[in-house]
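Novice: Can you keep this structure in mind? I'll have questions shortly.
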Amino acid sequence: MTKSTQHALAKVPEVTLGFWLLKIAATTLGETGGDAVTMSMHLGYLIGTAIFALIFVVAVMAQIRANGFHPFLYWLTIIATTTVGTTMADFADRSLGIGYAGGSSLLLALLLISLFVWYRTLGSVSVSTITTPKAEIFYWVTIMFSQTLGTALGDWTADSMGLGYGGAALVFGGLLVLVAAAYYWSNMSRTILFWAAFVLTRPLGAAVGDFLDKPLNAGGLAMSRYSASAALFGFIVLGILIFRQRAAKATH
């Protein structure tokens, strides 16, 4: 790849069907993996958040220092955002006692603030502009907030609203179908639709993850969090190899 070609590419993948399949798998892994550390290992939400926050920071630093788009590094960083998002949301909702509604409201505000500051600073929140370290920092911070918000929304829908994990998955899956329909059959901003889909895939993954590892009497399949996480990780690795993602074309 020539230097001029590198400059014409963003450090994030093209948004394709394969991208969204991997994103849903990664968010599901974030739920099972985060719960494995905080619950199965009995480390608690605070220590779990500290562990995954450190992994998140290291992964983002490696992503920023990389000289181009590297699929395995990118998806490792996505997994880091979704695991820290799981433990942060659980810590806010349960340990701080603000509940799912309070946690979701707080995280929605943080996500909107992040997008607003990003837009005011760089003039665009499109993923096709992720070509500089400053844009990457905004991108990953915004993703982290979106993953955390998605966890809280998924738990709120499944638990507080009484829909259960299957019902929550149907709700957020249906909303994603509406976003896809708007993408193909409307002139809505592609950037707005991308971030809407990005947020919605997280509660879908949270609901699916809880469905896999929660007890039978709680509406789950009672799978081991470790085995579920290992299976999801294997699927992601296989998906990266099969889908052969390319870097998105950059705009300036």
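Novice: Scan region 198-243 residue by residue and report those that are without any contact (Cβ under 8 Å) to a residue 24 or more places away in the chain and on the phi > 0 side of the Ramachandran plot.
Specialist: Ala222
Novice: Shifting gears a bit: Under 9 Å between Cβ atoms, at least 6 apart or on separate chains: pull out the pairs that start in region 32-44 with a residue that is β-branched (Val, Ile, Thr) and end on any residue that is in a loop (DSSP other than H, G, I, E, B).
Specialist: Thr32/Met223; Val37/Leu43
Novice: Here is a follow-up. Tell me whether region 76-83 contains one or more residues that are modelled with pLDDT of 90 or more, touching a strand residue (DSSP E or B) at 6+ places or on another chain (Cβ under 8 Å) and more than 18 Å from Leu46 (Cβ to Cβ).
Specialist: No: region 76-83 contains no residue that is modelled with pLDDT of 90 or more, touching a strand residue (DSSP E or B) at 6+ places or on another chain (Cβ under 8 Å) and more than 18 Å from Leu46 (Cβ to Cβ).
Novice: Identify all residues within region 126-174 that are at pLDDT 85 or above and of a type in the set (Phe, Trp, Tyr); write none if there are none.
Specialist: Phe138, Tyr139, Trp140, Phe145, Phe172
Novice: Can we say Ala248 is crowded, with 22+ Cβ neighbours inside 10 Å, under 25 Å from Leu115 (Cβ atoms) and among the aliphatic types (A, V, I, L, M)?
Specialist: Numbers: crowded, with 22+ Cβ neighbours inside 10 Å: yes; under 25 Å from Leu115 (Cβ atoms): yes; among the aliphatic types (A, V, I, L, M): yes.
Yes: the conditions hold for Ala248.
Novice: Go through (1) touching a residue at least 60 places away in the same chain (Cβ under 8 Å); (2) surrounded by fewer than 19 Cβ atoms within 10 Å (Cβ to Cβ) one by one and return the number of the condition Leu111 breaks.
Specialist: Condition (2) is where Leu111 drops out.
Novice: What do you reckon, is Ser105 in contact (Cβ under 8 Å) with a residue 12 or more places away in the chain and of a type in the set (S, T, N, Q)?
Specialist: Taking the combined requirement at face value, the residue does not satisfy it.
Novice: Turning to a different aspect of this structure: Which one of the conditions (1) in contact with a Lys or Arg (Cβ under 8 Å, 6 or more places away or on another chain); (2) of a type outside the set (Gly, Ala, Ser); (3) surrounded by fewer than 18 Cβ atoms within 10 Å (Cβ to Cβ) does Arg65 fail to meet, given that it meets all the rest?
Specialist: (1)
Novice: Further question: Going through region 34-50 one residue at a time, which ones are crowded, with 16+ Cβ neighbours inside 10 Å and either of a type in the set (Lys, Arg) or within 19 Å of Phe145 (Cβ to Cβ) (or both)?
Specialist: Correct list: Gly34, Tyr45, Gly48, Thr49.
Novice: A further question follows. Look through Leu112, Leu193, Leu122, Leu200 and report the one residue that is within 26 Å of Val60 (Cβ to Cβ), among the hydrophobic types (A, V, I, L, M, F, W, C), at pLDDT 90 or above and more than 17 Å from the chain's Cα centre (by Cα).
Specialist: Criteria check complete, one pass: Leu122.
The values are calculated or read from the model by the stated rules, or taken from the named source; none is laboratory data. Predicted model only: the values in this text are computed from it and were never measured. Glycine gets a Cβ as well: all are built from the backbone with ideal geometry, and neighbour counts include every protein chain shown.
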